[in-house]
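*Asks:* Below: one structure in structure tokens.
The values are calculated or read from the model by the stated rules, or taken from the named source; none is laboratory data. Quick caveat, the model's predicted, so the values are computed rather than measured. Here the Cβ positions follow ideal geometry from the backbone for every residue, glycine too, while neighbour counts run over all protein chains shown.
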Amino acid sequence: MLLPGDVTLDRITELNPKAVILSGGPNSVHVKDAPQMPAGLVDWCTSKGVPLLGICYGMQLLVQALGGKVEQAEKSEYGRMAIRTTAASLLYEAVDEHVQQVWMSHGDEAKTLPKGFETVATSEQGAIVAIENRQQKIFGLQYHPEVQHSEKGMETLKHFLFSVAGISQDWKIENVLEEEMEKIRLQVGPEDHVICALSGGVDSTVAATLVHKVLGDRLHCVFVDNGLLRYKEGERVMETFEKHLHLPVTKVDDAERMLARLKGKKDPEAKRKAIGAEFIEVFKDFAAKLKAERGLNVKYLVQGTLYPDVIESCPPPGSNQKHSHTIKSHHNVGGLPKDLQFKLIEPLRELFKDEVRALGRLPALNVPEAFIKRHPFPGPGLAVRVLGDVTEGNALEVLRQVDEVFIQALREKGLYDKIWQAFAVFLPIKSVGVQGDQRTHSHVVALRAVTSADGMTADWYQFEPQFLQYVSTKICNEVRSVNRVVYDITSKPPGTIEWE
Ligand code: XMP
């Protein structure tokens, strides 16, 4: 169970957990009002023999609270880092390697450990990155074991939960399906109708298929062409819906209104908020049309919101997660107006993308692989890939062409399915080039391709140089107004996947 940082000890003891994990967070333990653990948590855990693990900020909190010292690191550690085990350890019992690659994201670090603790691993820069008090079963990891790019992270977490804490491994995706379907059965009254915005991506498709299974023709899907779609995306997606999915889908053309709303907006958050608000206007219009033409009462809006959308948009309206920072307002969370006329149905809200894919593949939903394997495409579409004002010049059109060349090249060379997400970004600058013996002053585009499991962390994809050479030549030859192509070699963190 996931609890907010300001949860009380009473609430925790009421749940009687078999293990407690203190998560990471953006704060420093030294800032005023930095989140604390509930008073008495460590004593409760040790008196009950409940193992306690602090991750990143969680480890720093344990170190500070138990009498050690946390200070600003001389060198911050963001992204990939090798660590070395330096002592025998209960937490690493299941890990054979002495050296492992992990994913870091911290500016502070532990300098002196509390009594009873020992260092069991250090980073290649010398930081203390794993500590334990074996007797009291208290552990700390400075890196993020929960992310895919920490090679042995999952093994370490499983060992903590299933061996050290003795928890049984019985979470199943089938149970999620049953639970979510039951929630919808209980929530939606027999006369209520529901709308869902399908984007053609895996999340909204799985969410709609699940809701359709419960509500049948009381679900009405809408596909919005907001002028921010990729090359021929509207036609391609509608065709795939018709061929493979048996959901009723209405296409709405909202390009003019959306682009008018975005005109002159340069700030990424302002753009995201405007897009979220326009989406809601389209849904309201769609619901009004269903009422006027067929007398249907639309009460609910289905969204394919995932857990990472919620985390990165925190704190969303009404949330009590006051210790998270807003990384970006995902259009379906942080962009929602306060007076939303619909109640939300979000069956995927606690899941990560890989879990949504597993859910969609269950025989009961049987979502076609064509949807399951599509790279994620954000709701705000190309608006977060044209930096600055999307309506300036022919930026959207240039980006569409470049993106299409890139994606087709990935398919042609058999690389599409090896990559989690790939796309092009239109930069608001021009550079000098020479094309056909003439000086050009033209657009610069960036290509981004990443590997990830859930979008929370990512690493740049290491193409063969020949592929990059092939694709950059193809782009400059086929898209006349581009004379320079760069490749983004930033991991997440410190970058995010999208540029805005
Ligand atoms: P970032 O850029 O935050 O993206 O590293 C993580 C994943 O989320 C996608 N993304 C979004 N998806 N609405 C969405 O539906 C949004 O507003 C949004 N912003 C980012 C992004 O494409 C990546 O897969």
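*Asks:* Among the strands (runs of 3 or more DSSP E) lying completely within the range 387-500, list those that include at least 3 residues that are among the hydrophobic types (A, V, I, L, M, F, W, C) and closer than 24 Å to residue 79 by Cα.
*Replies:* 421-435, 438-451
*Asks:* Please go through the range 448-476 and pick out each residue that is closer than 26 Å to residue 389 by Cα and either more than 14 Å from the chain's Cα centre (by Cα) or away from the ligand (no atom under 16 Å from the Cβ) (or both). Steps first, answer last, please.
*Replies:* Just the residues of the range 448-476 that are closer than 26 Å to residue 389 by Cα, to begin with: 448-450, 455, 472, 475-476.
The answer is 448, 449, 472, 475, 476.
*Asks:* Continuing with this model, one more query. Any residue in the range 399-418 that is within 16 Å of the ligand (Cβ to nearest atom) and hydroxyl-bearing (Ser, Thr, Tyr)?
*Replies:* yes
*Asks:* State all residues of the range 348-376 that are among the hydrophobic types (A, V, I, L, M, F, W, C) and within 16 Å of the ligand (Cβ to nearest atom); if no residue qualifies, say none.
*Replies:* Residues satisfying the conditions are 348, 351, 352, 356, 371, 372.
*Asks:* Specify which of the listed residues (245, 228) is out of contact with any helix residue (DSSP H, G or I) (no Cβ under 6 Å at 6 or more places or on another chain) and either touching a residue at least 12 places away in the same chain (Cβ under 8 Å) or closer than 12 Å to residue 390 by Cβ (or both). Talk me through it step by step, then tell me what you get.
*Replies:* Working: 228 fails: out of contact with any helix residue (DSSP H, G or I) (no Cβ under 6 Å at 6 or more places or on another chain).
The conditions single out 245.
The rows are residues; the columns are (1) at pLDDT below 80; (2) part of a loop (DSSP other than H, G, I, E, B); (3) surrounded by fewer than 17 Cβ atoms within 10 Å (Cβ to Cβ).
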{"position": "285", "(1), (2), (3)": "no, no, yes"}
{"position": "288", "(1), (2), (3)": "no, no, yes"}
{"position": "299", "(1), (2), (3)": "no, no, no"}
{"position": "324", "(1), (2), (3)": "yes, yes, no"}
{"position": "332", "(1), (2), (3)": "yes, yes, no"}
{"position": "337", "(1), (2), (3)": "yes, yes, yes"}
{"position": "341", "(1), (2), (3)": "no, yes, yes"}
{"position": "357", "(1), (2), (3)": "no, no, no"}
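*Asks:* Let me ask another. Would you tally the residues in the range 439-465 being in contact with a Lys or Arg (Cβ under 6 Å, 6 or more places away or on another chain), within 11 Å of residue 149 (Cβ to Cβ) and modelled with pLDDT of 95 or more?
*Replies:* Qualifying residue count, the range 439-465: 0.
*Asks:* Next question. In the range 26-50, what residues are part of a helix (DSSP H, G or I) and farther than 17 Å from residue 7 by Cα?
*Replies:* Taking the range 26-50 and keeping what is part of a helix (DSSP H, G or I), we get 41-48.
Within the range 26-50, 46, 47, 48 qualify.
*Asks:* Which condition from (1) surrounded by 13 or more Cβ atoms within 10 Å (Cβ to Cβ); (2) under 20 Å from residue 144 (Cα atoms) is the one that residue 75 breaks?
*Replies:* (1)
*Asks:* Right, another one. Every residue in the range 248-279 that is in contact (Cβ under 8 Å) with a residue 12 or more places away in the chain and either of a type in the set (Gly, Ala, Ser) or assigned to a strand (DSSP E or B) (or both), please.
*Replies:* Those that are in contact (Cβ under 8 Å) with a residue 12 or more places away in the chain and either of a type in the set (Gly, Ala, Ser) or assigned to a strand (DSSP E or B) (or both): 249, 250, 251, 252, 253, 255, 264, 274, 276, 277.
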